[in-house]
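Okay, structure first, notes after.
Each value in this text was obtained by applying a stated rule to the coordinates, not by laboratory testing. As the structure is a computational prediction, the values presented were derived from the model and not from experiment. Cβ placement follows ideal geometry from the backbone for every residue including glycine, while neighbour counts extend to all protein chains displayed.
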Amino acid sequence: MTSNAVSETGGFSARVCKNGAYGFASSAAYTPESVAQAVAAAAENANFLDQREKLGKAPFAKVPSFREELRYKREDDVTQKHIIDYMTELDALVAKLCPKLKSRFVAARCLTMEKLLYTSDGVYAHTSTPRSIIYFGLTAEGNDGAPVEIFEPVGTFGVFDEVFSTPSEHEKKIAEVYEMVLQKAQGVYAEPGRKQVILHADLAGILAHEAVGHTVEADFVLSGSVGGPNLGKQVASELVTMVDFAHTAFGKRCPVPVYVDDEGTPGTDAVLIENGILKEFMHNKESAAHFGQTPRGNARAYAYNDEPLIRMRNTCILPGKDKLEDMIASIDDGYYFIKTGNGQADATGEFMFGVNFGYEIKKGKLGRPLKDTTIAGVAFDVLKTVDMVSDDLSWSCSGMCGKKQMIPVGMGGPALRVFVNVGGR
Amino acid sequence: MDNRQVAEYLIQTMKEKGADMGECRVSSSVKTEIYYESGKISMVRSVLGASVGVKVIKDKKKGAVHINSTEKEALDKAVNDAFAAAAHAKPDDAEGIADVVVTERFEKGPKEPDRDALYTAMRTFIDDVKREYPKISFDSISVEHDYGETVYLNTNGVCLTDCSGVNGYGAMFMAVDGGKSSSFNHFGSLFTEFSKPLIDLGMARIILGETERQIETRNLQGKFEGDLLIAPNCLQSFLHYLQSNFLADMVHIDGTSLWKDALGTQVAVPEFTLSCRPRDSRMAVNQFFTGDGYIAEDMNVIENGVLKNFTLSRYGAAKTGKARSANTGGFFVVEPGTKTVDELVSSISKGLLINRFSGGQPGANGDFTGVAKNSFLIKNGQVSDAVSEVMVSGNLAGMLKNITGISVETVNDGNSILPWLKVSGIVISGK
């Protein structure tokens with residue numbers, strides 16, 4: 001065991017808006033004196049900026065006050081011993097089930113964000129969002145002697161012992177990942193170029209988040225992202241509908257439910273693309289007023305000392321009607337990309353994802369496994385090539401989005417048949 | 001209680017409760033930030049921070065807790081929680097604490113924020129860019145001052161204090177013209193004094209000018225093997241990959257570093273010298289002591305192409321039986337070469353000037369593939385069109401043996417000093 005750590009941080013922040021100029025101040029100390037000081041400092045910061053920039057903006061329209069009471073409560077916490085014992089047993093299980101590995105790791109990361117919010121409009125909200133994730137990292141020796149690895153997160157909303165019961169529940173997943181890493185050890189490099197491929201549901205989720213979602217966050221739109229000039233236009237195939245769910249999707253709680261955002265706006269779903277048409281952006285109060293759209297609860301702050309930024313919540317491409325096996329069978333010469341490690345996107349919609357596992361598809365059949373590669377494209381161009389959408393859905397619950405601050409996000413989607421650019425040798 | 005008193009209280013409490021060894025790190029910080037977004041200077045932000053890290057070792061078992069309160073009740077709970085965590089941990093012979101007993105205090109940079117200077121620097125920067133680079137559209141700009149006081153204490157008697165302040169700025173932007181836009185680009189720099197306009201720091205002018213020329217891009221067809229001219233800001237990303245893939249604790253503990261047995265061997269061309277220099281006075285920020293309580297020293301990682309050091313902490317060293325490194329990495333300095341950037345460009349018949357690599361962490365074998373962002377085609381010794389949807393593939397370790405040029409010019413961004421690097425044998429592919 002190389003890490004055994006607990007971190008608990010808390011504090012207080014105040015944000016003041018004066019004529020469009022924001023002042024923000026925070027303190028780790030949570031005493032009446034420090035609260036008073038932070039409020040005064042926030043007001044003073046707003047004054048400082050207002051006097052110099054003279055933005056002269058009118059206040060936001062007052063919204064009705066409401067109370068959001070705590071929906072998730074847990075009096076006790078899981079002990080470190082419980083987690084250590086579970087992970088020790090899990091590691092032994094990995095060692096037993098995966099004898100040919102060169103190295104392995106298992107890690108647990110649990111994060112609970114609890115917030116109290118008061119606004120001058122009279123909104124009170126008390127929220128708690130726990131998330132527990134276990135990570136498997138399996139490394140095997142490749143056919144060239146160099147190590148190859150696969151990294152797999154599992155978990156969702158909830159405290160550790162609510163999400164995970166016994167280590168043996170992961171046997172199937174461990175066997176699946178082990179088989180992948182052994183196959184990858186014998187893998188080949190993808191052939192670079194533009195290819196028709198099947199993106200596994202996990203890649204569709206990251207496509208929704210990275211490649212499309214960021215370009216339709218209103219702050220990026222205001223700075224010139226490709227989303228701006230495309231509002232109301234066809235940006236994807238008619239098979240594509242994409243929603244940023246607030247807290248509930250398909251009758252179930254989302255991985256990162258946001259019932260009220262950190263400006264006091266109730267969380268409602270943002271339908272970003274409907275049947276291929278770009279319908280709306282994601283907003284905070286200020287950008288919603290600017291564009292004349294409705295804020296839906298996308299202003300989110302990570303820590304007590306962070307200001308709310310426009311962020312995604314649970315971004316998802318909705319499932320279609322095709323069967324995955326039919327989609328694979330339909331490809332003559334392409335790839336089935338299954339696992340992704342990370343992704344980045346651009347204001348232009350140009351994106352890249354690392355692909356950590358996949359197969360060739362030759363004449364409708366899965367072929368040789370692949371070594372690591374990267375896929376790239378321009379989001380709206382790629383989405384226009386979507387001509388098959390699977391009827392299943394997979395949520396990725398371990399996402400952390402970085403945009404000035406980190407924040408947990410959910411990403412979901414079905415499998416897609418698309419054309420993308422494939423990197424390789 | 002001040003930070004030193006908090007630290008002493010924690011060490012005393014750990015001893016009283018029977019710790020075999022213990023250490024703590026107590027910090028307080030003040031951040032003052034001016035922030036620009038959505039077309040205006042939008043916010044002034046003041047953040048008072050606190051951080052308390054406690055590590056207890058009992059019967060070779062470690063427990064670690066981090067909190068951000070210095071209230072006595074919270075400190076007592078943190079120590080108790082650390083003991084509880086240690087009680088459930090597994091014994092590990094490699095656990096320990098810094099054993100070079102020393103008391104030292106370090107100071108650097110401006111202690112107090114100058115809010116007016118921060119604001120003026122931001123306003124001047126926006127106006128300068130608007131006048132000189134009118135196609136630039138900012139997503140965000142942050143100009144800030146950070147001051148922190150950190151005390152490290154352990155039960156062996158090590159006592160280290162760092163009081164450092166620094167100013168810095170970062171900008172994220174694109175170029176927009178007639179409904180077309182470039183890719184996002186960004187840069188930042190750290191500095192101690194407001195001695196120059198922000199636009200004159202680091203690579204700001206180069207990157208702003210290049211971004212305006214990236215509105216119009218071209219795709220490449222097919223693939224070829226060519227040269228990469230890696231700009232300093234992009235080189236920094238590759239060096240971080242190099243550190244985490246081949247030099248840092250984890251890849252030596254799990255044995256996946258390709259360089260695990262390569263100390264003293266040639267891993268790069270003889271012209272390449274890479275050092276980690278946390279104490280380099282040319283940098284705006286320094287790291288005076290490591291996270292595990294040793295005074296940090298500058299060290300060569302690769303000297304004339306020969307691997308001289310890893311970046312192992314005390315724990316990483318004890319766990320692997322290797323030597324603890326003089327620092328734990330970062331603060332990269334690559335020694336300059338003999339040719340100008342223009343001469344390096346002239347020597348490339350076909351390749352890319354790469355300013356940003358958008359790709360994932362390379363695999364354990366060092367293979368990388370990613371998109372060349374904010375980059376230009378180089379053809380027949382000339383920088384040509386900006387490119388889009390172009391991918392580059394290579395191998396981190398292999399790349400160091402294929403360095404064919406290092407620029408005489410370097411860029412100091414406040415925490416690294418890097419040249420342009422030319423490498424050959426990179427697969428460059430388009431559609």
| chain A - mean residue ellipticity at 222 nm from DSSP helices (-39,500 (n - 2.57) per run, n ≥ 4, rounded to 500) | -6000 deg cm²/dmol
| task | Please express the shape of the stretch A:272-424 as an equivalent ellipsoid: the semi-axes are the square roots of 5 times the eigenvalues of the C-alpha gyration tensor, given largest first in whole angstrom. | result | 32, 18, 14
| said: How large is the direction-averaged shadow of the alpha-carbon convex hull of the stretch B:227-300, in nm²? | reply: 6.7 nm²
| What full-extension length gain, to one decimal in nm, is calculated for B:Lys260 and B:Glu225 as 0.36 nm per residue of separation minus the Cα-Cα distance? | 9.7 nm
| remark: Scattering profile of chain B from the Debye formula, Cα beads only, expressed as log10 I(q)/I(0) at q = 0.06, 0.08, 0.12 Å⁻¹, is -0.30, -0.53, -1.10
| query | Which one of A:Gln51, A:Gly23, A:Ala36 has its Cα pushed farthest toward the positive end of the charge dipole of the stretch A:12-59, where Lys and Arg give +1 and Asp and Glu give -1 at the Cβ? | reply | A:Gln51
| Degrees between helix A:171-185 axis and first principal axis of chain A (Cα, 0 to 90, nearest 10) | 70 degrees
| Considering only B:Ala318, B:Gly202, B:Phe191, whose Cα is most displaced toward the positive end of the charge dipole of the protein assembly as shown, charges sitting on Cβ of Lys, Arg (+1) and Asp, Glu (-1)? | B:Gly202
| query | Dipole magnitude of the protein assembly as shown about its Cα centre, charges +1 at Lys/Arg Cβ and -1 at Asp/Glu Cβ only, in debye to the nearest 20? | reply | 960 debye
| said: Taking the Cα centre as origin and putting +1 on Lys and Arg beta-carbons and -1 on Asp and Glu beta-carbons, what dipole magnitude results for chain A, to the nearest 20 debye? | reply: 460 debye
| field | Percentage relative contact order, chain B, counting C-alpha pairs under 8 Å, at least six apart | value | 15 percent
| said: Net charge within 13 Å of A:Phe351 by Cβ-Cβ distance, Lys/Arg positive one each and Asp/Glu negative one each, not counting A:Phe351 itself? | reply: -4
| request: Give the span of the stretch B:3-212's Cα atoms along each principal axis, as three whole-Å numbers ordered largest to smallest. | output: 69, 33, 31
| said: What are the ³J(HN,Hα) couplings of the stretch A:278-289, residue after residue, when phi is run through the Karplus curve with 6.51, -1.76, 1.60 and θ = phi - 60°? Round to Hz, x for glycine and proline. | reply: 6, 9, 7, 9, 9, 9, 9, 4, 5, 5, 4, 5
| Number of partner chain Cβ atoms within 10 Å, mean per residue of B:365-377 | 5
| Using alpha-carbon coordinates, inclination of helix A:80-97 to the longest axis of chain A, degrees | 20 degrees
| Rounded to a whole number, what is D in µm²/s for the protein assembly as shown from Stokes-Einstein with the Kirkwood radius over alpha-carbon pairs (10 °C, 1.306 mPa s)? | 56 µm²/s
| field | Flagged links, alpha-carbon separation over 30 Å, of A:Lys363/B:Lys223; B:Lys223/B:Lys339; A:Lys115/B:Lys90; A:Lys100/B:Lys55; B:Lys58/B:Lys322 | value | A:Lys115/B:Lys90; A:Lys100/B:Lys55
| note | Of all GluC sites (Glu not before Pro) in the stretch A:114-216, the ones in DSSP coil with at most 13 other Cβ atoms within 10 Å are none
| task | Report ³J(HN,Hα) in whole Hz for each residue of the stretch B:23-28, in order, from the Karplus equation J = 6.51 cos²θ - 1.76 cosθ + 1.60 where θ = phi - 60°; Gly and Pro get x. | result | 8, 8, 9, 10, 10, 10
| query | What residue among A:Leu239, B:Thr155, B:Pro110 has its Cα farthest toward the positive end of the dipole of the protein assembly as shown, where the charges are +1 on Lys, Arg and -1 on Asp, Glu, each on the Cβ? | reply | A:Leu239
| query | Can you work out ³J(HN,Hα) from phi for every residue in the stretch B:304-312, in order, using Karplus 6.51 cos²θ - 1.76 cosθ + 1.60 and θ = phi - 60°, giving whole Hz and x for Gly and Pro? | reply | 6, x, 9, 6, 9, 8, 8, 10, 8
| query | How many percent of the alpha carbon pairs in the stretch B:223-429 exceed a separation of 33 Å? | reply | 13 percent
| request: Kindly identify the stretch B:1-108 as rounded, prolate or oblate by the Cα gyration tensor criterion: order the square roots of the eigenvalues as a ≥ b ≥ c, call it rounded if a/c is under 1.5, otherwise compare a/b with b/c, prolate if a/b is larger, else oblate. | output: prolate
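When the helices in chain B are scored as -39500 (n - 2.57) per DSSP H run of 4 or longer and the sum is shared across all residues, what 222 nm value do you end up with, to the nearest 500 deg cm²/dmol?
Helix contribution divided over all residues of chain B: -6500 deg cm²/dmol.
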| field | Packing-based exposure ordering (other Cβ within 10 Å, fewest first) of A:Thr88, B:Thr290 | value | A:Thr88, B:Thr290
| field | Size of electric dipole in the stretch B:62-209: Cβ of Lys, Arg +1 and of Asp, Glu -1, about Cα centre, debye, nearest 20 | value | 640 debye
| field | Residues whose placed amide H lies under 5 Å from that of B:Ile417, excluding near-sequence neighbours | value | B:Phe332, B:Val333, B:Val334
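Please order B:Asp2, B:Asp249 by the number of other Cβ within 10 Å, starting at the fewest.
If I rank by nearby Cβ atoms, fewest first, I get B:Asp2, B:Asp249.
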| query | Where in the stretch B:72-88 does the amide nitrogen come within less than 12 Å of the point 7 Å from the Cα of A:Thr88, taken along Cα to Cβ? | reply | B:86-88
